[in-house]
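Below: one structure, written as structure tokens.
Bear in mind that the values in this text are calculations on the coordinates, not laboratory data. Not measured: the values here are computed from a predicted model. With ideal geometry, Cβ positions are generated from the backbone for all residues, glycine too; neighbour counts draw on all protein chains shown.
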């Protein structure tokens, strides 16, 4: 798959430093509020680093792992092959309601939202996929200079100007019908912004 088909600046990093940055993915999932028996989507799941512990955490609840990259989704399939609650979806995150086909309790998205061209549009798709009161958690890099966010001795993550602070995330997500529930630290350089489906979304502006 060409880079142009993906959200900008969201390519999957090398596995060694990704694991060094996220040694406890299950702890991140619990911190943002994911619990057993939930129906959960791992949106833009990549190679399944969060998907595998998600399958363990929510079972017997179902997990849908969606990604546009067939190679990465194949890696996630292999990571989660032993879990009957795992369901892989090759597709566009912006068409989430059609791909899942039933209301879910939680949508989790890590390290990708900064590269989404139409962030409110994506949040609207998530809104439509969620059951009443469902939650949308976004894990993002704090806006620290890239040279300060080192992993295994090298600067990592998106360019500094692409990183989003929580108020910017709220500005993008809340018009889709969400209310911010909490901000939690989930790593040395990251926070989780947890939103709840709370109200009717604002009308989309005509172009």
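Work out the FRET efficiency for residue 95 and residue 159 from their Cβ-Cβ distance, taking R0 = 25 Å, and round it to the nearest 0.05.
Values: r = 28 Å, r/R0 = 1.11.
Here the calculated transfer efficiency is 0.35.
Can you say what percent of the DSSP beta bridges in segment 3-192, counting only those with both residues inside, are antiparallel? Round to 5. The partial results should precede the final answer.
On the way: 7 of 26 bridges.
For segment 3-192, the DSSP antiparallel bridge percentage is about 25.
Subtract the Cα-Cα distance of residue 198 and residue 81 from 0.36 nm times their separation in residues, and report this length gain in nm to one decimal. Don't jump to the answer; show the numbers that get you there.
On the way: separation 117, 0.36 × 117 = 42.12 nm, distance 3.50 nm.
Separation in residues times 0.36 nm, less the Cα-Cα distance, equals 38.6 nm.
How far apart, in nm, are two points set 7 Å out from the Cα along the Cα-to-Cβ line at residue 71 and at residue 26?
3.1
Taking the beta-carbon count within 10 Å as an exposure proxy, list 51, 120, 112 from fewest neighbours to most.
Numbers: 51 29, 120 17, 112 23.
Listing 51, 120, 112 from fewest to most nearby Cβ atoms yields 120, 112, 51.
Restricting to DSSP H runs of at least four residues, report the calculated mean residue ellipticity at 222 nm for the chain, -39500 (n - 2.57) per run over all residues, nearest 500 deg cm²/dmol. Numbers along the way, then the final one.
On the way: 7 runs with 56 residues, N = 207.
Per the formula, -7500 deg cm²/dmol.
Compute a Gaussian network model of the chain, connecting alpha carbons closer than 10 Å, and tell me which residue from 157, 46, 33 fluctuates the most.
33
Tell me, what is the percent relative contact order of the chain, built from C-alpha pairs under 8 Å that lie six or more residues apart? List each step's numbers first, then the result.
Values: 402 pairs, mean separation 38.0, N = 207.
Relative contact order comes out at 18 percent.
So how do 83, 127 line up by other beta-carbon neighbours within 10 Å, fewest first? Mind showing how you got there, number by number?
Values: 83 17, 127 23.
Lowest to highest Cβ neighbour count: 83, 127.
Among 34, 183, 89, what is the fewest-to-most ranking by other Cβ atoms within 10 Å? Show your work: numbers first, answer last.
Details: 34 24, 183 14, 89 21.
Ordered from fewest to most neighbouring Cβ atoms within 10 Å, 34, 183, 89 come out as 183, 89, 34.
Need the C-alpha centroid separation for segment 27-71 versus segment 83-99, integer Å.
11
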